[in-house]
Amino acid sequence: VPVSHIRNFSIIAHIDHGKSTLADRLLQFTGTVDARDMKEQFLDNMDLERERGITIKLQAARMTYTGRDGQTYILNLIDTPGHVDFSYEVSRSLAACEGALLVVDASQGVEAQTLANVYLALEHNLEIIPVLNKIDLPGAEPERVKGEIEEIVGLDCSQAVLASAKEGIGIAEILESIVHLVPPPQDTVADPLRALIFDSYYDPYRGVIVYFRVMDGVVHRGDRIRLMASGKEYEIDELGVLAPNQTPVESLHAGEVGYLAAAIKAVGDARVGDTITLATKPAKAALPGYTEAKPMVFCGLFPTDAAQFEDLRDALEKLKLNDASLHYEPETSSAMGFGFRCGFLGLLHMEIIQERLEREYNLDLIITAPSVVYRVTTLKGDVLTIDNPSLLPEPQYRQKIEEPYVQVEMITPETYVGTLMELAQSRRGIFKDMRYLTQGRTTLIYELPLAEIVTDFFDQMKSRSRGYASMEYHLIGYRENDLVKLDLLINNDPVDSLAAIVHRDKAYYVGRALVSKLKDLIPRHQFKIPIQAAIGSRIIASESIPALRKDVLAKCYGGDVSRKRKLLEKQKAGKKRMKAIGSVDVPQEAFMAVLRLK
Ligand code: GTP
């Protein structure tokens, strides 16, 4: 295929605005996938993703399209994950494209997450084609939404396509726009090979399958390649295109998108953003933009049953093969025993991994509350990074503590502005800007400590706005604050896994709320259990759980055996997600209590 007849594009859309449906339509219209084979949406294919209605992993598809001009084009659709945790991946897949469809639900409007991705696309100089989807809906207001796109994004919407992915309206127009508005790749076929990795996954038989876009030069099956960031070299066993199933080819040249297998052992060896070049004739410089995505949120994972520790290690190792941004290292807690401290890109990433460990690996885990990474300067001037509150050096050893800040952008109907401002303010937010959009919609910009976001900020925002607000955030740097370590004592013993780092002004409130929450969550035992919160040696809140009055089994003695067994079984089931700390059984919810104080 001549480079002039290739178009590489992605689809930017807010969750539920119809990205997958549209992608399916494009595949169908171009005959890439048979309607009969398309029982399920083709692009998202992980169960977990479908269940949560989000797209996490990127995929790509190659379509052949004969335009109205009679010419045949190759259109490569490169999908982008729709969540803020994965914005680095999004930026790499956008870097592999020359254009993007901006799909907006014409009955809703522009959402915060869409905006974040549009800005990324603009940064990469992509040609953006607005598509107003769902025009079949009676509530569709394409003119209003066009106005909103022009106003917020500053995009000219005179060429916007009105579409209904569901009804198949506007699909031909979208394909024509791609051909005519998205520029072809530059013809750099003669240059040394440089290919951009935008996704990869682990296949137990072939090793890592790498998805890439050839930026310059040509790559052949059998070539010896070098990954410029990792420095590792491999021989290509298999090279192909995604049509949309993997279809082997002999070579791919500049502008094309494809996959390769080269007996690569873990995705960490072929990271998203790395540049593939030829070992024999390497390019001088790697493609720009490579970074290693850094984990932002940490938590402890402990098996409820200590015997599952090795299983947990194996499971993490397996997940890591497929997820270069998952971090973990063994952690020993005096309260919880042996487990792992794990780092994630964000809260969603954390939830996904936890869920997979439990569902796919059948592990019973106790998960401690998420923590961000603090920067502590000691009196001696050393800078420590602390991702575990229980490891915070005592005040007498430290000069200052800094915490990560993010800029948050929320888009909401005007009615909820008040309650969302209140929410941001209560989370130590600094008001930055407020703008009115069309039709009573408003955008709010705040700076907030990341620690305040990783608690239940998102859930709060959704419930306060009845689901209508959307948000996006990105890291803006570290700032010093007056932070203290809050210790929790159960039965007079400090429980390291319950320690939290909080702002001094909030410490009393959090301490009291936490103690009373724990009192409700921890079941009664045969003895009285004091629960306390402390800063250093000072107790700031205290409650106690009264002892059980009677042995539960007492009334069954001599009685009906089956009833007794039933009771015991009930107790056992109740114990499932419990961790014995000293002589007290603490349920999973207690470790998350700090996230749900109000
Ligand atoms: P994620 O994969 O979660 O990011 O969502 P998505 O943007 O891919 O949305 P998806 O294609 O799954 O569509 C969301 C819902 O909108 C589904 O119930 C679709 O059937 C519906 N939908 C998509 N396009 C249209 C359309 O043109 N008209 C109508 N009425 N419904 C549509």
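In segment 154-185, which residues are within 12 Å of the ligand (Cβ to nearest atom) and either polar (S, T, N, Q) or assigned to a loop (DSSP other than H, G, I, E, B) (or both)?
Correct list: A163, S164, A165, K166, E167, G168, G170.
Within the bounds of segment 192-203, is there any residue that is in contact (Cβ under 8 Å) with a residue 40 or more places away in the chain, in a loop (DSSP other than H, G, I, E, B) and not aliphatic (A, V, I, L, M)?
Step one: of segment 192-203, the residues in contact (Cβ under 8 Å) with a residue 40 or more places away in the chain are 192-203.
Adding the requirement that they be in a loop (DSSP other than H, G, I, E, B) leaves 192-193.
Right, trim to not aliphatic (A, V, I, L, M) and you get 192.
Within segment 192-203, one or more residues are in contact (Cβ under 8 Å) with a residue 40 or more places away in the chain, in a loop (DSSP other than H, G, I, E, B) and not aliphatic (A, V, I, L, M).
Kindly indicate whether E403 is crowded, with 20+ Cβ neighbours inside 10 Å and touching a residue at least 24 places away in the same chain (Cβ under 8 Å).
The answer is yes for E403.
Tell me whether segment 349-371 contains one or more residues that are over 16 Å from G300 (Cα atoms) and among the charged types (D, E, K, R). Before you say what the answer is, go through the steps one by one.
At the first step, the residues of segment 349-371 found to be over 16 Å from G300 (Cα atoms) are 359-362.
Keeping just the survivors that are among the charged types (D, E, K, R) gives 359-360.
So far as segment 349-371 goes, yes, one or more of its residues are over 16 Å from G300 (Cα atoms) and among the charged types (D, E, K, R).
Restricting attention to segment 1-20, which residues are surrounded by fewer than 19 Cβ atoms within 10 Å (Cβ to Cβ) and either near the ligand (Cβ under 8 Å from one of its atoms) or over 18 Å from P185 (Cβ atoms) (or both)?
I15, D16
What about M421, is it in a helix (DSSP H, G or I), surrounded by fewer than 20 Cβ atoms within 10 Å (Cβ to Cβ) and without any contact (Cβ under 8 Å) to a residue 40 or more places away in the chain?
Values: in a helix (DSSP H, G or I): yes; surrounded by fewer than 20 Cβ atoms within 10 Å (Cβ to Cβ): yes; without any contact (Cβ under 8 Å) to a residue 40 or more places away in the chain: yes.
So M421 passes the test.
Every residue, every condition in (1) without any contact (Cβ under 8 Å) to a residue 12 or more places away in the chain; (2) over 25 Å from L94 (Cβ atoms); (3) under 17 Å from the mean Cα position of the chain (by Cα), yes or no:
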| site | (1), (2), (3) |
| --- | --- |
| R271 | no, no, yes |
| D274 | no, no, no |
| P303 | no, yes, no |
| L312 | no, yes, no |
| S334 | no, yes, no |
| F338 | no, yes, no |
| F344 | no, no, yes |
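Would you confirm, using the coordinates I've provided, whether K294 is assigned to a loop (DSSP other than H, G, I, E, B) and farther than 20 Å from V267 by Cβ?
No, not satisfied.
Answer with yes or no whether E151 is more than 12 Å from the ligand (Cβ to nearest atom), surrounded by 20 or more Cβ atoms within 10 Å (Cβ to Cβ) and in contact (Cβ under 8 Å) with a residue 40 or more places away in the chain.
no
State which residue is farthest from S325 (Cα to Cα) when the search covers only segment 263-284 and only residues that are of a type in the set (V, I, T) and assigned to a loop (DSSP other than H, G, I, E, B).
Only one residue fits best here, namely T280.
Would you check which residues across segment 486-512 are more than 19 Å from R375 (Cα to Cα), within 28 Å of the chain's Cα centre (by Cα) and in a strand (DSSP E or B) and list them?
none
Do we find a residue being in a strand (DSSP E or B), of a type outside the set (V, I, T) and within 24 Å of R479 (Cα to Cα) anywhere in segment 352-374?
yes
So in segment 233-262, with the set limited to residues that are at pLDDT below 95 and in a loop (DSSP other than H, G, I, E, B), which one is surrounded by the most Cβ atoms within 10 Å (Cβ to Cβ)?
It comes out as P244.
Residue by residue, here is whether (1) within 21 Å of the chain's Cα centre (by Cα); (2) modelled with pLDDT of 85 or more; (3) assigned to a helix (DSSP H, G or I) holds:
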site	(1), (2), (3)
L75	no, yes, no
P81	yes, no, no
F86	yes, no, yes
S93	yes, yes, yes
Q108	no, yes, no
Q113	yes, no, yes
L132	no, yes, no
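Being assigned to a helix (DSSP H, G or I) and within 16 Å of the ligand (Cβ to nearest atom) is the filter here, so list the residues in segment 134-145 that pass it.
Listed by number, the residues that qualify are P142, V145.
Applying the selection to segment 21-31, what residues are surrounded by 22 or more Cβ atoms within 10 Å (Cβ to Cβ) and either within 9 Å of the ligand (Cβ to nearest atom) or assigned to a loop (DSSP other than H, G, I, E, B) (or both)?
Residues satisfying the conditions are L22, A23, R25.
On the given criteria, is L392 surrounded by 13 or more Cβ atoms within 10 Å (Cβ to Cβ) and out of contact with any helix residue (DSSP H, G or I) (no Cβ under 7 Å at 6 or more places or on another chain)?
On the way: surrounded by 13 or more Cβ atoms within 10 Å (Cβ to Cβ): yes; out of contact with any helix residue (DSSP H, G or I) (no Cβ under 7 Å at 6 or more places or on another chain): yes.
It is true that L392 is surrounded by 13 or more Cβ atoms within 10 Å (Cβ to Cβ) and out of contact with any helix residue (DSSP H, G or I) (no Cβ under 7 Å at 6 or more places or on another chain).
Does segment 406-418 hold any residues that are crowded, with 22+ Cβ neighbours inside 10 Å and modelled with pLDDT of 95 or more, and which are they?
Matches in segment 406-418: none.
Which residues, counting only those in segment 152-175, are of a type in the set (D, E) and in contact with a strand residue (DSSP E or B) (Cβ under 9 Å, 6 or more places away or on another chain)?
Step one: filter segment 152-175 for residues of a type in the set (D, E), giving 156, 167, 173.
Answer for segment 152-175, where residues must be of a type in the set (D, E) and in contact with a strand residue (DSSP E or B) (Cβ under 9 Å, 6 or more places away or on another chain): D156, E173.
Please verify whether L287 is in a strand (DSSP E or B), touching a residue at least 40 places away in the same chain (Cβ under 8 Å) and more than 30 Å from T368 (Cβ to Cβ), treating the condition exactly as stated. It would help to see each step written out before you state the result.
Working: in a strand (DSSP E or B): no; touching a residue at least 40 places away in the same chain (Cβ under 8 Å): yes; more than 30 Å from T368 (Cβ to Cβ): yes.
Spelling it out, it is not the case that L287 is in a strand (DSSP E or B), touching a residue at least 40 places away in the same chain (Cβ under 8 Å) and more than 30 Å from T368 (Cβ to Cβ).
The values are calculated or read from the model by the stated rules, or taken from the named source; none is laboratory data. These numbers come from a predicted model, not from an experiment. Cβ: placed from backbone, ideal geometry, glycine included. Neighbour counts: every protein chain shown.
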